[in-house]
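Chemist: Please find one structure pasted underneath; my questions will follow.
The values are calculated or read from the model by the stated rules, or taken from the named source; none is laboratory data. As the structure is a computational prediction, the values presented were derived from the model and not from experiment. Heads up, the Cβs are rebuilt from the backbone with ideal geometry, glycines too, and the neighbour counts pull from every protein chain shown. Side chains are part of the model used for accessible areas, which takes the heavy atoms of the whole protein and leaves out ligands, DNA and RNA. Shrake-Rupley method; radii C 1.70, N 1.55, O 1.52, S 1.80 Å.
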Amino acid sequence: METRATLNGGIPALSATAKKASDLDGAGDRWLKPEILDEARDWLERRLCAGGRTVDSVTRAQVRPWGLVLRIDASGETFWFKANAEGGAHEPALMQWLHDQVPGQVPATVAVDSAHRWWLAADAGRTLADHDGGAPVPLAAWKEVLTGYAALQRRLENTVREAPPGSLTLFGPAEAPQAFAALLDDSRRLLVGDERGLTREEHAALVAALPAFTRWCEELAAAGIPLTVQHDDLSDANVCHGANGYTVIDWADAHLAHPFGSLLFPLRSFRDQHALPLGHPDVEALADAYLACWADRLDLPALRRLMDLALRVAVVGKALSWSRALHGLDRTTLNAYYASPESRWLRKLLTGTPPY
């Protein structure tokens with residue numbers, strides 16, 4: 001039985017679970033069937049051999065309920081293969097589109113098979129999480145990452161408005177309240193009353209918060225910051241550093257949304273790694289470096305206000321990203337980490353503190 005802590009207002013909540021993403025408990029077994037691995041290997045070998053390379057080794061790098069990642073070493077080069085579940089069906093086409101739109105800022109796509117939801121790409125270097133023996137990522141490095149990423153988002157503003165990449169989920173301020181309400185209506189997905197999901201008191205509190213959430217979205221929409229591609233998982237494990245600079249990988253959670261929601265993971269990662277409190281000058285400086293890319297639209301205090309709202313809305317967007325990732329899986333058979341991650345994220349709206 002999980003122990004329960006108390007949130008502001010006396011609402012009980014599950015304590016942090018010891019389970020983590022790597023504790024699959026069978027949830028990723030779909031990817032380990034020999035026929036799937038053999039078919040994938042045959043496909044990637046054909047693609048690489050067509051370019052004159054010889055495949056030397058294929059190793060399994062990661063297995064998750066939503067996908068399989070393989071590392072391929074071929075003729076002295078390294079490549080990465082990813083197979084997506086239904087919830088990440090958009091990613092192969094999105095990666096090809098990003099490669100065409102912002103070359104050098106995402107991994108170079110080698111081949112795509114949209115029918116199988118497969119993607120093959122060139123190596124982009126080591127992740128920030130792997131640099132310096134896993135030491136905390138310095139402020140200067142995160143600033144460089146975020147200013148480059150913000151420039152990418154701004155470059156895509158007009159393109160996504162005129163011709164958005166197909167099948168990418170729309171989660172702008174106009175759509176977010178209805179999406180949040182629909183999620184709250186799905187007590188099965190949120191496992192309301194189950195120790196792995198929301199308590200009934202938490203669920204009631206979130207329903208009561210819907211009008212305030214709607215007002216946040218209305219304020220965001222009125223400010224006029226254009227929607228763009230929002231990565232939604234911009235952690236140090238998804239930023240690579242190579243000879244040509246920083247490259248952002250793993251766009252399976254991406255959607256069209258308010259850009260400032262992208263700060264959720266960078267600010268959390270930076271604070272956690274450096275053990276900094278909310279409001280620390282370095283955390284604010286990191287956020288300001290990103291926001292400065294929109295200085296032509298609003299002054300810094302206004303941008304900070306929008307960031308605060310966008311991060312709260314992004315909590316719901318992250319819950320919905322988890323829903324897409326786990327689409328088709330029977331939640332009742334999954335462990336505490338995977339049973340209702342939506343609940344874990346929505347609970348952040350009840351703490352009364354910024355979600356980062």
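Chemist: Could you quote the convex hull projected area for the range 11-169, Cα atoms only and averaged over all directions, in nm²?
Modeler: Value for the range 11-169: 13.3 nm².
Chemist: Please calculate how many Å² of accessible area the chain carries per residue, with a 1.4 Å probe and no DNA, RNA or ligand atoms counted.
Modeler: 43
Chemist: Once you have a ≥ b ≥ c as the square roots of the Cα gyration tensor eigenvalues for the range 131-265, tell me rounded if a/c is under 1.5, and otherwise prolate or oblate according to whether a/b is larger than b/c.
Modeler: oblate
Chemist: What's the ranking of 206-217, 168-179, 83-94 by average number of surrounding C-beta atoms within 10 Å, highest first?
Modeler: So the order, starting with the most tightly packed, is 83-94, 168-179, 206-217.
Chemist: On to the next question. Size of the dipole of the chain about the Cα centre, Lys and Arg at +1 and Asp and Glu at -1 on the beta carbon, nothing else charged, in debye to 20?
Modeler: 420
Chemist: Then there is this: So if each residue of separation counts as 0.36 nm, and I subtract the Cα-Cα distance between Thr333 and Glu195, what length gain in nm does that give?
Modeler: Length gained between Thr333 and Glu195: 48.3 nm.
Chemist: How long is the gain from Glu218 to Glu284 if the chain were fully straight, where each residue apart is worth 0.36 nm and the alpha carbon distance is subtracted?
Modeler: 21.3 nm
Chemist: Taking R0 as 51 Å, what FRET efficiency do you get between Ser75 and Asp272 from their Cβ-Cβ distance, rounded to the nearest 0.05?
Modeler: 0.80
Chemist: Say the cut-off is 26 Å between C-alpha atoms; which of Lys82/Lys348; Lys33/Lys318; Lys20/Lys318 go over it?
Modeler: As for pairs spanning more than 26 Å Cα to Cα, those are Lys82/Lys348; Lys33/Lys318.
Chemist: Still on this structure, I have one more. Sorted from largest down, give the three principal axis spans of the alpha carbons of the range 192-278, whole angstrom values.
Modeler: Ordered largest first, the range 192-278 gives principal extents of 51, 37, 29 Å.
Chemist: Taking the alpha-carbon centroid of each part, what is the distance from the range 234-276 to the range 309-337 in angstrom?
Modeler: A separation of 18 Å, based on Cα centres.
Chemist: Another question about this same structure. For the chain, I need the span (max minus min coordinate) of the C-alpha atoms along each principal axis, in Å, sorted largest to smallest.
Modeler: 63, 50, 42
Chemist: Got a number for carbon plus sulfur as a percent of the range 162-289's accessible area, 1.4 Å probe?
Modeler: Ligands and nucleic acids excluded, carbon and sulfur give 52 percent.
Chemist: For the range 17-80 and the range 163-215, what is the separation of their Cα centres, given in Å?
Modeler: After rounding, the separation between the Cα centres reads 33 Å.
Chemist: Compare Gly125, Gly67, Gly166 in a GNM of the chain, Cα atoms joined below 10 Å, and give the one with the largest fluctuation.
Modeler: Evaluated over the chain, the most mobile residue of the options is Gly166.
Chemist: Using +1 on the beta carbon of Lys and Arg, -1 on that of Asp and Glu, and nothing else charged, what's the dipole of the range 144-259 about the Cα centre, debye to 20?
Modeler: That gives a dipole near 240 debye.
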